[in-house]
1. Which residue fluctuates most in the GNM of the chain (Cα springs below 10 Å): 65, 361, 246?
2. Highest GNM mean-square fluctuation, the chain, Cα pairs closer than 10 Å: which of 93, 418, 325?
3. Can you work out ³J(HN,Hα) from phi for every residue in the range 239-248, in order, using Karplus 6.51 cos²θ - 1.76 cosθ + 1.60 and θ = phi - 60°, giving whole Hz and x for Gly and Pro?
4. If R0 is 25 Å, what FRET efficiency do you get for residue 88 and residue 240 from their C-beta distance, rounded to 0.05?
5. May I ask which of 145/284; 145/274; 31/52; 88/131 have a Cα-Cα span longer than 25 Å here?
6. Using 0.36 nm per residue, how much length does the chain from residue 36 to residue 394 gain when fully extended, once their Cα-Cα distance is taken away?
7. For a footprinting-style exposure proxy, rank 64, 141 by other Cβ within 10 Å, fewest first.
8. Which far-off residues, 5 or more places away or on another chain, put their amide H under 5 Å from the one on residue 65, with H placed in the peptide plane?
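Every number in this text was worked out from the coordinates using simple rules, so none of it is lab data. Because the structure is a prediction, the values reported are computed rather than measured. Positions of Cβ are generated from backbone atoms using ideal geometry, with glycine treated the same way; all protein chains shown enter the neighbour counts.
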Amino acid sequence: MTSLSQDSSGPDSPTGEAAPWPVAELNAKVKQWVERLGHIWVEGQVTQVNMKPTWKLSYVTLRDVEQEASVQVTLSTSTLRSMTTPLKNGDRVIMYGKPAFYAGRGSFSLWVTKVRHVGIGELLARIEELKRALAAEGLFDPRLKRPLPFLPRRIGLITGRGSAAERDVLSVAQSRWPAVQFEVINTAVQGPTAVPQVIEALEKLDRDPTVDVIIIARGGGSVEDLLPFSEEALARAVSRISTPTVSAIGHEPDNPVLDNVADLRAATPTDAAKTVVPDVLAEKQLLTELRGRASGALRGWVANERRGLHNIRSRPVLADPLLPVKQQQDIVREAMQRKDRALGLAVRERRNHISSLKAQVNALGPSQTLARGYSVLQVVPRDGSGPAVVTGVEQVQPGSQLRIRVADGSITAAAMGVQAAPGGVEKKNTTTTNNEADNNDD
């Protein structure tokens, strides 16, 4: 176990327990080390100016614009009084001086001999350069923009305490939707403390699961007043959080870097409230209009369907479903009737034709001739064959057996003699057999 009296100084320590430095010597050596830095330029924002006309020296607190860091500045009162624009809190300046360490009281300060305001043009140029750098990284990409909820349950509001921006957002939002809820965090909205306070508020609201959207609001002001909302630290903080963010800084012409990183840029705090919170009256009117349009469309559709059904039901095929069958039956029946009429006509025509032919046959047949007083003379051969019609005298010999056919019967006779006509008669092929004569008798 190490004794308390043992020398605990390190191997590189310039002192030892046995020979410690006096405070004066420590301060003297620190003074030497600090003053080796020489003259330097420093940029920051003025947060406090202590000056009196009777003082030879004045004191200023210079603060970092993005982080919680500050340095005490000492300069002659005449230097402050000779400035064209008086130095005041919130000014963005650059100072030329030499780090100084006061050995008597062991305090550090920056001894300044020159003070320059950062010009508006230079500030705007730096802002534009920052915009280009962040855009190149993709922080302004529209695809990264998160959509705002239609009806947020709870809205986070970051703004100055008692500011007009806070009153405008709250009054406009509540007039549009009385049930809307807010989680308000008041922060500095200008000066060196604005950026860290706004970032802290952002992270706090982002961790709250009930907050659906965050509004960062500030009223109008000069370029210097709106500088905190163009700081890189704030822009990156907004890009990191997951809750949709609305930027409502200044008025319409103002365009800090925050506008480009936020998910939505509102021209004014009032416009932000109108964008985030729907108008209950307008929504109710829209619902009423939509209901009316839907009801009218439904009624029109029902009316059209009814007309269509009526037209369909009024068609003969639906009035009498068997109508097509009946129509086909009528067609078949009519076709059969036409067929029967045509067939009957054809039969009658054939019968008439047969009757006509029969009448002609009867008129030209032997029976009709016999009926007119004529007779048919047949000779009966001795060989027993059938009788033959006598057409010439050469067929009959004296003593030949004859058969004389008359209309009502036949007469058997014998030839007493045969005499040929004088000069002879041209014979025609009119030989008729016994069967033909018998048939003619029928």
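1. 361
2. The residue with the greatest mean-square fluctuation here is 418.
3. Each residue's phi maps through the Karplus curve to give 5, 7, 6, 9, 7, x, 10, 10, 9, 10 Hz.
4. FRET efficiency, residue 88 to residue 240: 0.15.
5. The pairs that break the limit, which is 25 Å between Cα atoms, are 145/284; 31/52; 88/131.
6. Working: separation 358, 0.36 × 358 = 128.88 nm, distance 18.66 nm.
Gain in length upon complete extension: 110.2 nm.
7. Fewest-to-most ranking of 64, 141: 141, 64.
8. Those qualifying (amide H under 5 Å, at least 5 residues apart or on another chain) are 45.
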